[in-house]
Every structure is written in C-alpha cells, then in structure tokens.
4 protein chains.
Amino acid sequence: MPDSAISPVRAGMRVAIAGVSGYAGGELVRLLLNHPRLRSTPPLLLGRLGETDAAPVTLTHLHPHLSGLGAADQMQVLPFTWEQLQRQSVDLLLLATPHEQSRAWAPHALAHGMRVIDLSGAWRLQQEQNRAIYKLEDADPSLAAALQGEAVYGSPELHAAAIRKARLVANPGCYATSILLALAPLVRAGVLDPDHGVVCDAKSGVSGAGKALTPNNLFMHAADNLSAYAVFGHRHTGELLEQLGLSADQFQFTPHLLPIPRGILSTIYVRLRQRSEPAAIQAVFDRFYAEAPLVRVRRSPQLPQIQYVVRSNYCDLGFHLGPDGRRMVVVSCLDNLLKGAASQAVENMNLMAGWDQAEGLR
Amino acid sequence: MPDSAISPVRAGMRVAIAGVSGYAGGELVRLLLNHPRLRSTPPLLLGRLGETDAAPVTLTHLHPHLSGLGAADQMQVLPFTWEQLQRQSVDLLLLATPHEQSRAWAPHALAHGMRVIDLSGAWRLQQEQNRAIYKLEDADPSLAAALQGEAVYGSPELHAAAIRKARLVANPGCYATSILLALAPLVRAGVLDPDHGVVCDAKSGVSGAGKALTPNNLFMHAADNLSAYAVFGHRHTGELLEQLGLSADQFQFTPHLLPIPRGILSTIYVRLRQRSEPAAIQAVFDRFYAEAPLVRVRRSPQLPQIQYVVRSNYCDLGFHLGPDGRRMVVVSCLDNLLKGAASQAVENMNLMAGWDQAEGLR
Amino acid sequence: MPDSAISPVRAGMRVAIAGVSGYAGGELVRLLLNHPRLRSTPPLLLGRLGETDAAPVTLTHLHPHLSGLGAADQMQVLPFTWEQLQRQSVDLLLLATPHEQSRAWAPHALAHGMRVIDLSGAWRLQQEQNRAIYKLEDADPSLAAALQGEAVYGSPELHAAAIRKARLVANPGCYATSILLALAPLVRAGVLDPDHGVVCDAKSGVSGAGKALTPNNLFMHAADNLSAYAVFGHRHTGELLEQLGLSADQFQFTPHLLPIPRGILSTIYVRLRQRSEPAAIQAVFDRFYAEAPLVRVRRSPQLPQIQYVVRSNYCDLGFHLGPDGRRMVVVSCLDNLLKGAASQAVENMNLMAGWDQAEGLR
Amino acid sequence: MPDSAISPVRAGMRVAIAGVSGYAGGELVRLLLNHPRLRSTPPLLLGRLGETDAAPVTLTHLHPHLSGLGAADQMQVLPFTWEQLQRQSVDLLLLATPHEQSRAWAPHALAHGMRVIDLSGAWRLQQEQNRAIYKLEDADPSLAAALQGEAVYGSPELHAAAIRKARLVANPGCYATSILLALAPLVRAGVLDPDHGVVCDAKSGVSGAGKALTPNNLFMHAADNLSAYAVFGHRHTGELLEQLGLSADQFQFTPHLLPIPRGILSTIYVRLRQRSEPAAIQAVFDRFYAEAPLVRVRRSPQLPQIQYVVRSNYCDLGFHLGPDGRRMVVVSCLDNLLKGAASQAVENMNLMAGWDQAEGLR
C-alpha cells in the first residue's frame, strides 16, 4: 500500500475507542479527554463484545473517577456498530477489545477507511507459530495474512517511522514493553551475548489480568500473595522473540502476579559478549533513548521501582553490571495500563497523526 | 423437646462439615483436624449446593495450605447426600452453607437424629420482620417455625447453658459477634443509655464476603480502597437488635469493606445513663468476661487492633470514656473467619459435646 | 490591615515552597510545576527545619517520580534562608512545614511583605483552648495574637472572599476538610440537629501521618491492620468545632489508620431537626456546591469510595437518609495529600492571585 | 571437642531466648510456648543489645497477640545478663540478636556450658571472604576461629546428624533456606549443570528486614511497590555458595522487597546436565525430602504460592521443566519468620535435644 493512500489525520481528528469498560480502555479515555489536540472533538466511546446490544451507559457510571474531567460527565458509551462509526466519520479506531474481537474487527475498520490501533495481541505476531497461542480464526485468511504483513508493531522507540505511515498498529503487550525496552539497546548495540541465555523474571500488578470475574482476580487470591504462572508459556514471549531476533532457546520469561493494582517490574539477567564497564553500558542506554520522551534511564547503580512509575506514562530503566564485567542485571518498570497499554497507544496515535510523540502525555 | 431426647455426644463423636470449599468451611476443617477430641475420628467433609454431583475432590486440592496437617492429605470432600451422613452415623452436622441451603437442610438433619450447628443466617432470627431480609422459603412452614423457636443463638458468652442442650445452634454473624460482645456487658449491667442512640461503625476484610466471583470481591475493587455498604440495611442488624433487646431506632450499624483479607474492627459509640469512670467500666467488662476463654479485655486506654486478632480465635475489646464521663467509644476486633465464624462454631460444638469450651482453640 | 496594603499578585508571581521533602510538599511541587500560570516562573524550592544547613539537593533525588515533569530535572531544593527568599522577590510563601516552624516563620514572611499559605495546624485556630494541643510558643505573643486574628481558614468553599484578600491563610487539616465539607451544607441550611450529637468515624491512609520514622509508620504496623487512635483527642477536632459552630459535647471524631497509602473516608452520623426526604437533602448539597469546582456530590444512594478520589483533587460526598427520615449517614472521601492538603493550598493560591479557583487542578 | 562433652539435654530442658522483641524472636517465643516438651519449663526471655539496662517488660506489651497463649500473660522479658542465664541453669541459648551481638555472645555462652542456636549470620560462614560482608570483630580471634570451625550450619534437611551433636548451630538465612532447599536435591543428585549459571530471583515480605526504623521499612516505601536491592551483593550469597559448592561466577541472586508482611518466593533458573523428564525430576525431589517433615514437594506442574506457606512451618517446592528438557524453573516458598527463621531454629533445638525433628511444629 503506497503512503499516499493514507489520508493525513485531520487536526480535528475523530477518534473512537471500542472497549471502554476495561481498565486499559478507561485509561485511554482519560488520556484522550486530557489530550490538547482532541479538545474540540472528544472521542467516540463504544462498548465491546457482548455489550453491543446494551443501551448506552454514561461514562461516569463505568468509571466514576472520571467525573469532572472535561466533557466526561456528558459522555455516553454507545453500543458498537459500524453505522455509528461511519456516521461519525471516525478516522482512527482504538481497539481495547479481546484479541478475538480485534482480529475480526480490524479488517472491517480498514476496509471502511479507518486507521486502527489495536491494544490486544491479535496483530502483533508475524510468525504463525508464535501467533498460534491466541487461537485466532480469520473469516478471510488471505486478507488477514496481507493485513498481518502490513501491521506495524507499535513500539515508538523502535518503529516510529513505520508507525507514522501505518494503517494498522499492533500496540505491544505490557510485559513485552517492559522487557523489550530493557533489551533492545543491548541487542542493537551488539553487546548482549544471546547464547548464554536471557532470563526475564517479571512481576505485574493485578490489573494486567483485566476485569474478568476469575478466581485469580479475586482479592483473596492475590492479596498477601505472590505466584508464578505461565512458566515457559506466556503469550508475550512470541512478540519478544520476534522483536529482539532471539530464538526460543535463548530466551526465558516467567511472569508473576503481584499483590498490587498496577505496575510491572522486570528483572532481566543477561551476559555481555565482552567484559565491560558501567559507564559504557550507561552510554548504550543513554544514546538509544536520547530522544525518547517516555523512557527514563536511571544512573547505575540506581534502579527503578514500581512506585515511581505507577500512574505515570514512563518506562524507567536501570542496571547493575556484575563484578566480572560480563553478567548484568537490568531492571525495567512501567505502569502496565499506561506505558504498557494506553499511553503507548496514545504515542502511536500521535505519530500517526503527525503530532509530537508525547503530546498529551507529559 | 425434652432434654432427655438429646443423646450425649460420644467421645469419638462423628462430625460432618458441609460447605468445605468456602473460607469459613476451610477454617472449620483446619480447626477440627487440630482438635484433640477428634483425632481418632476425623470429620466427614462434604460439598455444598451445586457441588453435590461433582466427583470427590481431595481436601488439599481445595485448600493447599492444609497439606501436612493430620490426615489432611488423605481426605476427600464428598458430594453431599443423606445416605452418606447416615452411613457414617454422623452425630453433629456443621453447615458452612448458604442460608437457603441451611434452611432447607437443618430440618432433615434433625429428623435424622443429628444435631446441627449452622454458620449461615438462616436460623438466627426469632422475629419474622428481621428474618425477612433472607427471603427464606420453608417446605414445611409449621415445622420450620417450631425449629426456629427451638434454635439457640450460638453466642457462648451469652447462651452457654442453652447451647449445651441445643439440637440446633445458629452460629452468630461475624459483624454481629464483634458488636454483640462489645455491647452485651454494658446492656446487661444497665449502664448503657439506648435512647441516645448506639452507632456501630464496622469495617471488615474481604473474606467476609465469601468466595463468590462478584465485582466487589475483585482485587481491583477492594485494594487501596474503602467503601461503606448496606447502610441502614445490613442483614446482621436484626440479630443484634434481638440479642441486645434494642429497637431499630436506637441502633445504627454501617459496615465497610477493608482492603485486607481478614479481620473486623468495630468502633461503637454509646452514651451511658450516668457519668462514670474508666475503672468502673473496666470492671463491667472484666466481670462479664472473667470466665470467657476467647475474649480478651484490654486495659483502657489501650485499644485492640486487627493485627493482634487476625488468625487468632479471640475477640479483643477496649474502650475510651470521654471527658464528660458519659460518651464512650468501644472498639472490638476479631477474625471474621474464626471468632466470627469457625472458632465460635467449635466453641458451640465443644459445649454441645460437654467438652471444655475452648478445647482445640488455644 | 487595609486591603489596599495587599499588592495584587503579579501574573508572573514568584512562589516559594518550604518543606519540599514531605509527602504534601512533594505533591505541592508537582501541582505547581503543572500550573499554567507558573510555567514561566517555576517555584523556589526550600528545605525545612533541620535541613536548612544541608547543601542543595536535586528535586528528583527527593522525589524520583517527578523526573521528566517540566523543569523538574533541573531544579534544586535549597536550604531555607530569608536572604534567599528576598533575593528571589518571593510574593507568596507556601509552608509545608511542621507547625512549630510555621508558627515561627509566618510572622517573618509577612513582615518581609510576602503572603503566606500555611499547611500546618499553626494558624487554624482562633480559640486558645483549641490551639493548646499544638503547644505553640510565640516569640512576640501580641504580634502572634494579631496575626492569628487576621488569619483566614483556607476552605475555599466556605471563605473564598476572605481568602482572596488574606495575607495569611491557614490551610485546613485533611480529616477536617473531609468532615467540614460533609457537614457545612447541613449546618448552614439549618437542617442538622446538633443536640443529638454528631459522630464522625474517619479513616485515613498512612501518608496522613507524614514521613517520620516512627513505629506507627512502619509497613509491619500498618499493613493488614486497622487501628483507632487519638480517640476523644485528635487535633483536628478544634478547627471543626470552630468552623461548624458546634460545642465539644455535640461532636465526636475518631480517626483510624487504614492499610493504604492515600485517601480518607469519613462516615458521619447525624440527626436532622425534622423528618426529611432524600431529594430535599440532595438539593441542600447540590445548591451548596453548585459553583464548587472540586466537590463532587453523588446521587443518593450512591456513595463515594476512596478509589475514586485517590490522586484526584476532588472531595466526593454522598449520603443515605434512614427509614425514619431523621437519621442520616454522610460519607465523604478525598485524597489527604491533595484536596486534604496540596490541592486545597493551590486553590487558595489561585484565589489570592485572582485566578480561577481550580486553575491547574482539573 | 568429643561428643561426650555434650550433656544430653534434659527432658525439662531450660531454654533462653535473647532478642525477644524482634519479629523472629516473637515467633520463636510463640513456638516455644506451644512446644509440648517445654510446657513445664517455659523459656527464659531476654532483651537484646541496647535493651539490657531496661527494666523488665511484660511479654504481651511487646507482642500483644500472644496474650492468652500458655503462660504468656505472666511472662517478663528480662535484661540480658550472664548471671541471669546461670542462675536459671540455662541449657540452650537461642540468639535472635544482631550478628555483632551473636558473634560476641556465643563464645561466652559456650564457655558457660550452654549450647547455642544463633539466628543471625554471625556463624554461618566458614570462608573468610564470604564472612567479610558482616564486618565481624572478634575479641579472641583464635577462639572464634576454632568455634567457627565447630559451628554447624543448621539446615536439618542437610545436616541433621551434625546438628544433633553440635554445641553451636548457625541457623540459615531466610532467603538462603528457600534457595538451598530448592537446589540441594539437584546438586546432590548431580543433575544440575552449574557451568551454565544458576539465577535466583527472590522476593521477600517486609518483615525480612526486621523492625528497624529505616526509610525502607516505612509503609509508604513498601506499599504498592516492588524494588530490587543488593544486586550482586546480598549477604546470603556466601552461605549458599558454601552449602551448594558453587563458585561465585556460577551463581546469581537478586532479592526484591514485596509489599506484604511475610513470605518469600524464590524463582530459580537452572540448566540440567542432560535432557530429562518431569517424572525423573519429581523423583529427585521426592526422594530427597521423603523423610523431611517440613518440606512439601508439589506435583509438577503445580507451583507453590506464598499464600499457602504464610504462617506455616513449611517450605513448599515445585518446578517446571522446559520443552527442551534441559532448562528448568524451580519455585520455592516459605514464611521468612518461620521455616526461614524461628521454625527452623526449633527443628534444630529438637534435633539437639534428641526429640522428633518436627515436635511442636505440626
């Protein structure tokens, strides 16, 4: 698809969010209501699968804390229909929907001339064996394959140029973002030795699992507890392998459920190809993120903590180099609902619209 | 029913628990597996409504933390059937079941010659207007009315003699226990002035709401939060009015959901009939609980805290008398699953069996 | 002091904050760095008592989460000296300092021509018997008495006109704000019957106790716990009595320490002079707060929860009227560091500067 | 020292605990008050460094939750003096004291004919370079060296025979216990390939840091947070290297501070020498712990969680073998104050006294 086919997003761009009722959807609404470029045209808010027949509900019924924010008290969340989207001349559709729904809806939206940012895992994976874990079913497999090939992995630190021109952006996973931002500088600089194995021990707050009424989401399960899950089998593994260019046997990732509402801390163990010094590694990170508005690199030996990123749009990075100058621990923190989801989606929207990457996020 | 109809419980008493999968049911199992009098005859464990058709599950599948405790690793939780109970010659049935089920099952159990301790609200209320909130339906209303009249409110500090002889004991509610133990000594001593109003502001950990998959039981709802609920309408109000002999306009009770797994703290505001001194009030409490094994009265101005009762079998009480010698704040703490449920049920069992009231609870 | 003596605050007003290292001080810095009117002249940041000799520290060393916010990464926290304040031509001094320090410093600042907003309890109380609890000592008692008479209690919902012209504003306490905003509409409307007693059962997150290294501030004390404290003797009682015009025997207030970082919920029990209806009470609140930008009145029977106000600038109010139409429960929630401290100080600053009351707070 | 020099501990053994005020000390008291062999001779309770001059305090003043437990309400905590210990003919001294104090006191106690279990790190390390981190100073270096050589590392699963005869037992660290019990079976069975590196990512509740009034122990630091600390430099590394026979470059350990009061979960990444099957690894663990009363091995793929071990005396182990049959994740959980401290000390006491290893711990 030639670039010219992409209509530049208008100043008064019309944005719609589907899946407003979830945690990430709610944060997305909050960010867009605060966004300086969208003040005159507030986003269209839509429900999600299984909610499409429901009568409109007020936004503040779903998210009482948003009351008082801009036009929030007057806003309705409408049942999802394509007529609705077309009647409102939506330019950009943000999908905060389950992956089955995102997979089904993105082709329609593109066919209707909208651009799409999908926050689910539906469009992140180019390799079929990685995508298999989502058990996706396509109505039109060849169209889906074409769109998959066109989809851009929405990591603004890695793919800004492609995102600007993309019709379909696959917003990265929350765990994946925290690990990718920690490792990409080392991989790109060629200092990481992948053959010695990369171990990612990640811990996430409960909102990462969404709003579903499942036993693991109960207070009595998560409070005063810590548990590992999806060992050797978490869905975000695939996108990390693809983005980092690692093979499955070089990479290990274990997620844990933390007894807190929000925040991810990933502790990442790597080995360098050659003996190095802290200052040299610091320079690798600093250079890589010199222009990145939402990544904060701490001075070694300072390390990030979850409390400093919760409810912020940042990913914080820090590292310790071992006494041997080869083994290294990188620590990465972010808010799973923000830089791990909604804020990163807004960055992608900003890039697609030709605005400043961090507009509305500072 | 004459006392003689009650067979003395045998030393090797056979006890069954129905509703083992819940939080209170799990604590009950733990306490009975630790009970010195039941070592030779471990309790029969049964499921609850909707689980009755399921195949047996192992106890440690439901409650992994019980592994290693006595015979726990060998125990099965069986589907509930009356045949099962009779085949095992059960003497005492403990119902940790929803109130609808308890209301339906208790008459059957009594008819089969078993004695019953019910942990739900089904049998606590003598006055129909108080019971209405449970929307109970009786297959045989006149039998139910007779049994209701016979049912003993299972507060061992107030009704030990009746409990010893009872066929049907209605174990008090968790909030009700914390408030009742704080107020009963003052009411019985005639020092409380009910006409000035009694205000009970109570706060409970999340386990009080049970294991149901409801939005309010989600970690994301309860964590970092506090909320009042059931204002002017909580189900435990009725049993407090009946037990304290207060009228609805003299008494106010507001429960709150605390962001902790376990524990209740009730802050209770009362007015005394006459100006008093701390020492005199202390004596009222001390005398009332002189023989009570599971009530600890703190020395004023020390006050109980939830941390000192969680996972203990105690109710802790403390008070502050105001500078006017008339207004008083009483603070009461207990573990809602223990003294507020399972431990109190074991006290009742001990009394019914003729054992020491605190056997297995120290 | 004639109004004319108060120089209108300049558009590029120069603001200083003393006591930046505390929790409320940190929030104040965050709000001022975000404040549209202060973008060109960022606030001067100063330490507090016992820190005045220390070398400057960077702001982000004290508050790492502020990194990236406006000029935050370039800002220093300087030792407090009067020379510093004069050299910078400070117009308005915000004191986030302990009350002893605020009591000593405010007269100096006023004498140097600055206006002052004090976040401590030093200047809130007009009646000596209420002030006694702070054990304040004045170098010049007659000057202090004069300034005390001039000081305005900084509740913008109650005293906006006086605040606009004030030289010295005493920012309300966090508990006091939550209770005052719940009761003032009822008192002013004459519907509350004070003779029947007002009971305020309040619960606060741990940040309300400040950053001091005390046993009660330890994680191991506060976590999984709830405790009442300062029964019949909390310092905020006096300012509530003065502001509400109640006598000590009409009013009772018990604070509790919640196991959460931030947020206050106050449950308030009152009696009305006459039988009323929910709609009438709703109207009392709605009218009173019709123009208040930072008070959200919920529709009864909806009630506020801490989760909806944490990290917001709002106070949320809701109520339940009892079945007798006389007894009423009012629930009030706010973030103790924001509407209970820093946001309210910014409202006061806005009023003093002639700006919109909620500038920088939406 | 010949075995014969060790007087068999008497049935009515006299035990003293020094350092009763800390969290581990408090748990030790609780366990000993519950211990069937010590019912007739309750332990002597002593303070710790800096508290030695203080007047006696009641046990329940320090630990209110212990009220009601055995003789607890009558017990005093006395200032530490050698006269006190001798007057009471103490046989066994349990030191729940800081390592400097334990290092200084153990030689005295041994010289007075007592046996010693030390819960600090003072006597755990045979290699001087590992011990250096504690900066220990010995009054009599050659005596200290001799005693160090004699000291037995108190892991009952590894060294039961030596513990039985020991005069001086060094109770393992909490993190060290969780990791050691996970790795020892694999190392002893020769299946672990140490050259590929062992990565231990461990997470502990706040009580692991003790009761000190430090910023990191504040609720406001730990709540809603997670942070890594002591990367490449935690004190428990040395004892793990010595016990596992690994070299520093084969082993990496990163501790994290969890926002919960109690519990450790260690996620451990290893590689096997040869491709294996889950059943074979399960058998390695099962055989190793067949007789261990306080280790529970879960069936793979079940994994331990902190909630199932908190307030229990167990260490729970579980593992996942990767799809390559070589990489493996072992998860280990325990309560840092119990199996990670006090319960393990009681096991050691039981062994030293010739009692059943788990006496008083089931």
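The values are calculated or read from the model by the stated rules, or taken from the named source; none is laboratory data. Remember, it's a predicted structure, so these values are computed and weren't measured experimentally. All Cβ positions, glycine included, derive from the backbone under ideal geometry; neighbour counts span all protein chains shown.
In this structure, is B:S332 out of contact with any Ser or Thr (no Cβ under 6 Å at 6 or more places or on another chain) and outside the structural domain of B:A24 (by TED's automatic domain parsing)? Here the answer is no, as B:S332 does not meet what is asked. With respect to the conditions (1) of a type in the set (K, R); (2) more than 14 Å from chain C (Cβ to nearest Cβ); (3) in contact with a strand residue (DSSP E or B) (Cβ under 8 Å, 6 or more places away or on another chain); (4) surrounded by fewer than 23 Cβ atoms within 10 Å (Cβ to Cβ), B:R362 falls short on a single one, namely (3). Say whether the condition of being out of contact with any Gly (no Cβ under 9 Å at 6 or more places or on another chain), charged (D, E, K, R) and in the same structural domain as A:V191 (by TED's automatic domain parsing) is met by at least one residue in the range A:274-290. Scanning the range A:274-290, I find at least one residue that is out of contact with any Gly (no Cβ under 9 Å at 6 or more places or on another chain), charged (D, E, K, R) and in the same structural domain as A:V191 (by TED's automatic domain parsing), so the answer is yes. Is it the case that A:E100 is more than 22 Å from A:V187 (Cβ to Cβ) and of a type outside the set (A, V, I, L, M)? Yes, satisfied.
Would you point out the residue of the range B:219-241, among those that are among the charged types (D, E, K, R) and on the phi < 0 side of the Ramachandran plot, that is farthest from the other protein chains (Cβ to nearest Cβ)? By that ranking, first place goes to B:E239. Taking the conditions exactly as written (basic (K, R) and closer than 28 Å to A:F219 by Cβ), does B:R271 satisfy them or not? Here the answer is no, as B:R271 does not meet what is asked. Looking at D:A132, D:A160 in this structure, which one is over 21 Å from D:Q357 (Cβ atoms) and outside the structural domain of D:V295 (by TED's automatic domain parsing)? It is D:A132. A:D73 satisfies every condition listed in (1) out of contact with any Ser or Thr (no Cβ under 8 Å at 6 or more places or on another chain); (2) farther than 25 Å from A:K339 by Cβ except (1). Does A:L244 fit the bill of being aliphatic (A, V, I, L, M), touching a residue at least 40 places away in the same chain (Cβ under 8 Å) and more than 10 Å from every other protein chain (Cβ to nearest Cβ)? So A:L244 passes the test. Filtering the range B:285-307 to residues that are more than 20 Å from the chain's Cα centre (by Cα) and surrounded by 20 or more Cβ atoms within 10 Å (Cβ to Cβ) leaves B:F285, B:R298, B:L303. Within the range B:1-29, being modelled with pLDDT of 90 or more, more than 18 Å from B:A71 (Cα to Cα), in a helix (DSSP H, G or I) and among the small types (G, A, S) holds for one residue alone: B:A24.
Restricting B:L32, B:L49 to residues that are on the phi < 0 side of the Ramachandran plot and modelled with pLDDT of 90 or more narrows the list to B:L32. For first residues located in the range D:128-148 and within 20 Å of D:H236 (Cα to Cα), partners that are aliphatic (A, V, I, L, M) and lie 6+ apart or on another chain with Cβ distances below 7 Å form the pairs D:N130/D:L241; D:R131/D:L125; D:Y134/D:A122; D:L136/D:A122. Select from the range D:325-348 the residues that are touching an Asp or Glu at 6+ places or on another chain (Cβ under 6 Å) and facing chain A (nearest Cβ under 9 Å) and list them in ascending order. Answer for the range D:325-348, where residues must be touching an Asp or Glu at 6+ places or on another chain (Cβ under 6 Å) and facing chain A (nearest Cβ under 9 Å): just D:C333. Taken over the range D:281-318, the residue count meeting the criterion of being under 18 Å from D:G340 (Cβ atoms), within 14 Å of chain A (Cβ to nearest Cβ) and hydroxyl-bearing (S, T, Y) is 2. For B:V77, the conditions (1) outside any loop (DSSP other than H, G, I, E, B); (2) surrounded by fewer than 16 Cβ atoms within 10 Å (Cβ to Cβ) are fulfilled apart from (2). Here B:F80 passes the criteria (1) at pLDDT 90 or above; (2) under 23 Å from the mean Cα position of the chain (by Cα) except the one numbered (1). For A:V310, the stated conditions hold: it is farther than 30 Å from D:F251 by Cβ, surrounded by fewer than 24 Cβ atoms within 10 Å (Cβ to Cβ) and touching a residue at least 24 places away in the same chain (Cβ under 8 Å).
Within the range C:193-218, residues that are more than 11 Å from chain B (Cβ to nearest Cβ) sit with their Cβ atoms under 6 Å from residues that are of a type in the set (K, R) and assigned to a strand (DSSP E or B), at 6+ positions apart or across chains, in these pairs: C:D193/C:R271.
Hey, does the range A:307-315 have a residue that's of a type outside the set (S, T, N, Q) and more than 24 Å from A:A96 (Cα to Cα)? Looking through the range A:307-315, at least one residue is of a type outside the set (S, T, N, Q) and more than 24 Å from A:A96 (Cα to Cα). Restricting to the range A:256-293, name every residue that is in a loop (DSSP other than H, G, I, E, B), under 25 Å from A:V346 (Cβ atoms) and not aliphatic (A, V, I, L, M). Passing the criteria: A:P261, A:R262, A:G263, A:Y289, A:E291, A:P293. Can you find even one residue in the range C:35-51 that is part of a helix (DSSP H, G or I) and within 30 Å of A:C315 (Cβ to Cβ)? There is at least one residue in the range C:35-51 that is part of a helix (DSSP H, G or I) and within 30 Å of A:C315 (Cβ to Cβ). Taking residues in the range D:252-280 that are within 10 Å of chain A (Cβ to nearest Cβ) and more than 19 Å from D:C200 (Cβ to Cβ), and partners anywhere that are modelled with pLDDT under 95 and part of a strand (DSSP E or B), not one pair has Cβ atoms closer than 7 Å while being at least 6 places apart or on different chains.
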